[in-house]
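A short worksheet on the structure shown next.
The values are calculated or read from the model by the stated rules, or taken from the named source; none is laboratory data. Quick caveat: nothing in here was measured; it's all calculated off a predicted structure. As a convention, Cβ positions derive from the backbone with ideal geometry for all residues, glycine included, and neighbour counts pool all protein chains shown.
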Amino acid sequence: MNVQVLTAPAGRLIWASPALPDARHDMGAAREHGLIESFTIASTVTLADTAYQGDSPAIHVPQRRRRLDPDTDRYRRLSPARKEVNPAHARVRGPGERANAQLRS
């Protein structure tokens, strides 16, 4: 089952979706509930985990190593500036993740 949760920056629950049956990917569930379209239309910046990668400019996710280096056939390292983004992203998302954990228990 998949439940989508929106929280305020301080971790207060704003909205929880109805549960979708079966195994659902987070992005598919968010699309089905209309969240992606709503964030894009409203130009609301939303922080999410990497499961929401690449679908909307309104959704910000952590930085990932994506490109293979053709010379070494290995993933390229993140630049120091991009490495600094991930801990900051995690700190801001932390209260929302705690609210989500409380809903599960």
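Of all the residues that make up segment 70-83, how many are surrounded by 11 or more Cβ atoms within 10 Å (Cβ to Cβ) and either more than 25 Å from SER43 (Cβ to Cβ) or among the hydrophobic types (A, V, I, L, M, F, W, C) (or both)?
Residues that pass the stated criteria total 4.
Would you please list the contacts, defined by Cβ atoms under 7 Å and residues six or more apart or on different chains, that run from a residue in segment 38-51 that is at pLDDT 90 or above to a residue that is loosely packed, with under 12 Cβ neighbours inside 10 Å and part of a loop (DSSP other than H, G, I, E, B)?
From residues that are at pLDDT 90 or above, there are no pairs.
Would you check if VAL45 is surrounded by fewer than 11 Cβ atoms within 10 Å (Cβ to Cβ) and either in contact with a Phe, Trp or Tyr (Cβ under 9 Å, 6 or more places away or on another chain) or not charged (D, E, K, R) (or both)?
Yes: the conditions hold for VAL45.
In the list ALA88, ALA58, which residue meets the criterion of being among the small types (Gly, Ala, Ser), exposed (fewer than 12 other Cβ atoms within 10 Å of the Cβ) and free of Cβ contacts under 8 Å to residues at least 24 places away in the same chain?
Testing whether each residue is among the small types (Gly, Ala, Ser), exposed (fewer than 12 other Cβ atoms within 10 Å of the Cβ) and free of Cβ contacts under 8 Å to residues at least 24 places away in the same chain leaves just ALA88.
Give segment 80-105 a look and list any residue that's small (Gly, Ala, Ser) and touching a Pro at 6+ places or on another chain (Cβ under 8 Å), or say none.
ALA90, GLY96 - these are the residues of segment 80-105 that are small (Gly, Ala, Ser) and touching a Pro at 6+ places or on another chain (Cβ under 8 Å).
Of (1) loosely packed, with under 12 Cβ neighbours inside 10 Å; (2) under 18 Å from the mean Cα position of the chain (by Cα); (3) part of a helix (DSSP H, G or I), TRP15 satisfies all except one. Which?
Unmet condition: (3).
If you scan segment 51-99, which residues turn out to be within 25 Å of VAL3 (Cα to Cα) and hydrophobic (A, V, I, L, M, F, W, C)?
ALA51, ALA58, ILE59, VAL61, ALA90, VAL92, ALA99
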